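One structure is given here, and the rest of the page talks about it.
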Amino acid sequence: NAGVTQTPKFQVLKTGQSMTLQCAQDMNHNSMYWYRQDPGMGLRLIYYSASEGTTDKGEVPNGYNVSRLNKREFSLRLESAAPSQTSVYFCASSEENQGRDQPQHFGDGTRLSIL
Amino acid sequence: RKEVEQDPGPFNVPEGATVAFNCTYSNSASQSFFWYRQDCRKEPKLLMSVYSSGNEDGRFTAQLNRASQYISLLIRDSKLSDSATYLCVVNRLRDTGRRALTFGSGTRLQVQP
């Protein structure tokens, strides 16, 4: 019973490099999310996908792109990494919103350092 | 004003104590409220939803005060294993017309033996 799986768990990049963070869920959830968490700050929404084939910007989308590959998978791409993107990244999923927000289930995070 | 505000703590309490956290929110139209727990360097995990009439789950009690726009979490008979950061989560309406959840920065609880 995996839930939400993120890869990789850790990554170190040089400024300007690109990479893709992978996320997959096996709970048949329609909605998926990408957050970043920085020390002393709450989780901030980067992008989300309400359903397969749709994506929307969150609070802090600049410097990121996403792809909702299918219902299970939602990837986050950094095209040209910057030190300000050093953070812990969490992927989450939730059931379809039927007039009421549903709690989100989180993966165990990707710790990304950009030098 | 932040959308969701929490006292960062830390709250240092002895085992067996009762401790309460409050969380204030700015959007009076918010409809969904949750408490999450996050252990150090781990992912957030849902602790409980917060319902209008208040709700209890074992040693944990959550309450909502719409008039004053805050939610609270009460932990009775604190255990060492309750040591964690507690995140307050509130929904809001985005510019797109879709709802999204806003996470507070969290309140850290340290239960001492």
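The values are calculated or read from the model by the stated rules, or taken from the named source; none is laboratory data. Bear in mind that the values here come from a model prediction, so they are computed numbers and not experimental data. Using ideal geometry, Cβ is built from the backbone for each residue, glycine included, and neighbour counts are taken over all protein chains shown. When the accessible area is computed, the model is the full protein with side chains, heavy atoms only, and any ligands, DNA or RNA have been set aside. Shrake-Rupley method; radii C 1.70, N 1.55, O 1.52, S 1.80 Å.
Here is how the numbers come out for the structure above:
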item	result
Single match in A:Gln11, A:Gln25 (criterion: under 20 Å from B:Glu43 (Cβ atoms) and within 14 Å of chain B (Cβ to nearest Cβ))	A:Gln25
Single residue of B:Ala67, B:Ala62, B:Ala17 found to be without any contact (Cβ under 8 Å) to a residue 40 or more places away in the chain and open to solvent by less than 30 Å² (accessible area, probe 1.4 Å)	B:Ala62
Set A:Ser75, A:Ser84: member being out of contact with any strand residue (DSSP E or B) (no Cβ under 7 Å at 6 or more places or on another chain) and at pLDDT 95 or above	A:Ser84
Hey, B:Lys79 within 14 Å of another protein chain (Cβ to nearest Cβ), among the basic types (Lys, Arg) and open to solvent by 50 Å² or more (accessible area, probe 1.4 Å) or not	no
Scope the range A:76-115; condition open to solvent by less than 60 Å² (accessible area, probe 1.4 Å), in a loop (DSSP other than H, G, I, E, B) and more than 9 Å from every other protein chain (Cβ to nearest Cβ); matching residues	A:Ala81, A:Ala82, A:Thr86
Matching residues in the range A:20-75 - criterion: being of a type in the set (D, E, K, R), assigned to a strand (DSSP E or B), touching a residue at least 40 places away in the same chain (Cβ under 8 Å) and open to solvent by less than 40 Å² (accessible area, probe 1.4 Å)	A:Arg36
Residue among B:Thr85, B:Thr102 that is more than 9 Å from chain A (Cβ to nearest Cβ) and among the polar types (S, T, N, Q)	B:Thr85
Search result, residues across the range A:85-101 that are of a type in the set (S, T, N, Q) and in contact (Cβ under 8 Å) with a residue 24 or more places away in the chain	A:Gln85, A:Thr86, A:Ser87, A:Ser93, A:Ser94, A:Asn97
Those residues of the range A:31-66 which are among the basic types (Lys, Arg) and more than 24 Å from B:Thr107 (Cβ to Cβ), in sequence order	A:Lys57
